[in-house]
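Visitor: Have a look at the structure that comes next, please.
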Amino acid sequence: MEILDTDTLKRHSNVEYASFGNRLLATLVDFLVMLIPMGAMMYFMFMDKNMILVLVFSIIGGLYKPLMEGVYSATLGKMAVGIKMVDNDHENLDLVQSFTKNGIYLINSAIGIASMFWLFGKEAFLESEGFLESSIASEGNPYQIISSIWSFAIIISCFMMLASDKKQTLHDRVANTFCIKK
């Protein structure tokens, strides 16, 4: 049995967990923030065919959430909405907790990077000009089905918060983290 002091009891009883709507809105704001690096990545992939810059922007996109939540306990979207990620003691996350929580997204980024290496290994893709030709040359990418299945797993993990009294996604539960209103 855990004995809680008065300050801890007060801190735990005044917690308001972020709703699905709050978290969805934060995700939409983060999507808008990430449009610039994602757009740059798409340009360098399909128009300029610069694998190094595609890799750089892919890594930036993949590390955005875990680094922001590990340093600030919130992404820019969460900051804008007024929510943040905390641990069991309702303290800010550290980098280990953040990378654990965001592992599901990091795996998705790794699948995207593997897909990028597959694309740049195809001569038809490298010789293609424009988005349409590049898209046709990318047909048969074996990582697309893996990416689709993994994206579905992410969606399921996120929707599991609807069945949680503390509004935790599956990946929140794995990392023992919570999203609360500030």
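The values are calculated or read from the model by the stated rules, or taken from the named source; none is laboratory data. This structure is a prediction, so every number in the text was calculated from the model and none was measured. Virtual Cβ from ideal backbone geometry, glycine too; neighbours counted across all protein chains shown. These area figures cover heavy atoms from the full protein model, side chains too; ligands, DNA and RNA do not enter into them. Shrake-Rupley method; radii C 1.70, N 1.55, O 1.52, S 1.80 Å.
Visitor: Could you please put R173, R23 in sequence from largest to smallest accessible area, using a 1.4 Å probe?
Guide: The residues order as R173, R23, largest area first.
Visitor: Another question about this same structure. Between 0 and 90 degrees, rounded to the nearest ten: what's the tilt of helix 103-120 against the longest Cα principal axis of the chain?
Guide: 10
Visitor: Once ligands and nucleic acids are excluded and a 1.4 Å probe is used, how much of V29 is accessible, expressed in Å² to the nearest 10?
Guide: Accessible area, nearest 10 Å²: 40 Å².
Visitor: Helix 20-46 versus the longest principal axis of the chain: what is the Cα-based angle in degrees, 0 to 90, to the nearest 10?
Guide: Around 20 degrees separate the two axes.
Visitor: Could I ask something else about it? Given region 96-139, report the % of alpha carbon pairs whose separation exceeds 13 Å.
Guide: Values: 573 of 946 pairs.
Of the Cα pairs, 61 percent sit more than 13 Å apart.
Visitor: Under a crude label model (7 Å from the Cα following the beta-carbon direction), how far is L162 from V71 in nanometres?
Guide: About 3.5 nm separates the two model spin labels.
Visitor: Further question: Skipping prolines and chain starts, which residues have an amide H placed within reach, meaning under 5 Å, of the one on I83, given they are 5 or more residues away or on another chain?
Guide: The list, which skips near neighbours in sequence, is K182.
Visitor: Tell me the Kirkwood hydrodynamic radius of the chain in angstroms, computed as one over the mean inverse distance between distinct C-alpha pairs. Write out the running numbers ahead of the final one.
Guide: Numbers: mean 1/r = 0.0556 Å⁻¹.
Result for the chain stands at 18.0 Å.
Visitor: Still on this structure: Carbon-plus-sulfur fraction of the accessible area of the chain, 1.4 Å probe, in percent? Walk me through the intermediate numbers first.
Guide: Working: 6870 of 10430 Å².
Result for the chain: 66 percent of the exposed heavy-atom area is carbon or sulfur.
Visitor: For a Förster distance of 25 Å, can you work out the FRET efficiency between the beta-carbons of N50 and S147, rounded to the nearest 0.05?
Guide: Working: r = 22 Å, r/R0 = 0.86.
Efficiency at R0 = 25 Å is approximately 0.70.
Visitor: Kindly list the residues of region 29-50 that lie in the label zone of E133, defined by a backbone N under 18 Å from the point 7 Å along the Cα-to-C-beta vector.
Guide: Only 43-50 fall inside the zone, counting backbone N under 18 Å.
Visitor: For the chain, what is the calculated [θ] at 222 nm in deg cm²/dmol (nearest 500), taking -39500 (n - 2.57) for each run of four or more DSSP H residues and dividing by its residue count?
Guide: -21500 deg cm²/dmol
Visitor: Round to the nearest 10 and give me the degree value, 0 to 90, for the angle of helix 143-159's Cα axis relative to the longest principal axis of the chain.
Guide: The helix 143-159 is inclined about 20 degrees to the chain.
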